[in-house]
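The values are calculated or read from the model by the stated rules, or taken from the named source; none is laboratory data. In this text the structure is predicted, and so the values were computed from the model without any measurement. Cβ placement follows ideal geometry from the backbone for every residue including glycine, while neighbour counts extend to all protein chains displayed. What goes into the accessible areas is simple: the full protein's heavy atoms, side chains included, and nothing from ligands, DNA or RNA. Shrake-Rupley method; radii C 1.70, N 1.55, O 1.52, S 1.80 Å.
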Amino acid sequence: MNSQRRLLYLIFAFSGFSGLIYESIWTHYLKLFLGHAAYAQTLVLAIFMGGMALGSWLCSKYSGKWNNLLLGYALAEGIIGVLALVFHPVFEAVTNFSYVSIMPLLGSPLTVTVYKWMLSALLILPQSILLGMTFPLMSAAIIRLFPANPGSSLAMLYFTNSLGAAVGVLVSGFVLIAWAGLPGTMLTAGLINIVLALLVWLLAKTPSINVPTASAMEQGASDQKGSSQYRLLLLVALLTGASSFMYEIGWIRMLNMVLGSSTHAFEIMLSAFILGLAFGSLWIKRRIDGIGETLQFLGVVQVAMGLMALATLVLYGHSFEA
């Protein structure tokens, strides 16, 4: 693995680190406004993943026409960082204005609740969309630059990003908040993104790393987008994502009762969940390009995932005694 490729993996690990700081910190901010940690956690999960989905969709529509995807990635990281730097003052300004000037005029508790949820969603949606653009931009850029063994490259990207994210949520919840408070933690994540943006921008300007055209594999994948098998796989991905986040919400509630703290239950669940994603990616990295029947293998993985999720119910019953 050459040095440029290793550097891109390292950059993406730090991108995951900062991204999960945001997810953790947003729940702390929004529970102050919404009045309940469980509501804030559910909203942040929904908007974070929904925004990431929208960002990925935007990339799928337009990134194939972009010559230098690393420049696009650097731009996304830079804007994420700038938005993080201004998040705290913006949050204070809009929530104070809402308490003083908007909510007294709304009339009913239901209208106030709807307003608070909509405003909370708008505060984190732009950053979530940009975070969703980072993986498709980085993955497509690496596939263009290093077209051999694309499955291994994607798995390694997912591993490094997820590993950074798993560490980020723990550092945020157990170290940075105590050390720097919510504004300082948000500032730290924003500065990380800005530094990453500058690094990638410099890399993108290096002649040896600039690949101006889409790869044949990307063009071939584009030709398959209308096929029934492609649509079926998208449906599988949709349902897998839905079930995964049902697990997340359920596990948060279960851990609440064991740990007695909704905040730390959220952070521990997120870290364990994402660490599992990381090591799943690492395990498949050496195998994915050699798997013959990938669809059959995917089916086996889905069944195993369901059985292991059911097994957590048995283990959970013993966790109180432990």
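For (1) within 23 Å of PHE174 (Cβ to Cβ); (2) touching a Gly at 6+ places or on another chain (Cβ under 8 Å); (3) open to solvent by less than 20 Å² (accessible area, probe 1.4 Å), each residue gets a yes or a no:
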{"position": "SER24", "(1), (2), (3)": "yes, yes, yes"}
{"position": "TYR29", "(1), (2), (3)": "yes, no, yes"}
{"position": "ALA40", "(1), (2), (3)": "yes, no, yes"}
{"position": "LYS65", "(1), (2), (3)": "no, no, no"}
{"position": "LEU70", "(1), (2), (3)": "no, no, yes"}
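So for the range 81-103 (the condition being under 30 Å from SER152 (Cα atoms) and either touching a residue at least 24 places away in the same chain (Cβ under 8 Å) or not aliphatic (A, V, I, L, M) (or both)), does at least one residue qualify?
yes
Checking THR111 against (1) in contact with a helix residue (DSSP H, G or I) (Cβ under 7 Å, 6 or more places away or on another chain); (2) surrounded by fewer than 16 Cβ atoms within 10 Å (Cβ to Cβ), only one condition comes out false. Which one?
(1)
When the range 300-322 is examined, which residues are found to be part of a helix (DSSP H, G or I) and open to solvent by 50 Å² or more (accessible area, probe 1.4 Å)?
Residues satisfying the conditions are VAL300, VAL301, GLN302, VAL303, MET305, LEU307, MET308, LEU310, LEU313, VAL314, LEU315, HIS318.
When you go through (1) touching a residue at least 40 places away in the same chain (Cβ under 8 Å); (2) closer than 25 Å to GLY151 by Cα one by one for GLN296, which number turns out not to apply?
(1)
Given the criteria in contact (Cβ under 8 Å) with a residue 60 or more places away in the chain, open to solvent by 40 Å² or more (accessible area, probe 1.4 Å), in a helix (DSSP H, G or I) and within 27 Å of GLY276 (Cα to Cα), does LEU187 qualify?
Considered against the rule, which asks whether it is in contact (Cβ under 8 Å) with a residue 60 or more places away in the chain, open to solvent by 40 Å² or more (accessible area, probe 1.4 Å), in a helix (DSSP H, G or I) and within 27 Å of GLY276 (Cα to Cα), LEU187 comes out as no.
Output the residues belonging to the range 154-168 that are out of contact with any Lys or Arg (no Cβ under 8 Å at 6 or more places or on another chain) and open to solvent by less than 30 Å² (accessible area, probe 1.4 Å).
LEU157, THR160, SER162, GLY164, ALA165, ALA166, GLY168
Is at least one residue of the range 223-231 open to solvent by 60 Å² or more (accessible area, probe 1.4 Å) and touching a residue at least 24 places away in the same chain (Cβ under 8 Å)?
no
Which of the numbered conditions does THR213 fail, given that it passes all the others? Conditions: (1) at pLDDT below 80; (2) exposed (fewer than 14 other Cβ atoms within 10 Å of the Cβ); (3) part of a helix (DSSP H, G or I).
(3)
Of the residues in the range 266-291, how many are of a type in the set (Val, Ile, Thr) and more than 10 Å from ALA155 (Cα to Cα)?
3
Would you pick out the residues in the range 274-299 that are among the β-branched types (Val, Ile, Thr), surrounded by 15 or more Cβ atoms within 10 Å (Cβ to Cβ) and under 27 Å from GLN229 (Cα atoms)?
Scanning the range 274-299 gives ILE284, ILE288.
Taking the range 53-100, which residues are farther than 30 Å from GLY35 by Cβ and among the charged types (D, E, K, R)?
Matches in the range 53-100: LYS61, LYS65, GLU77.
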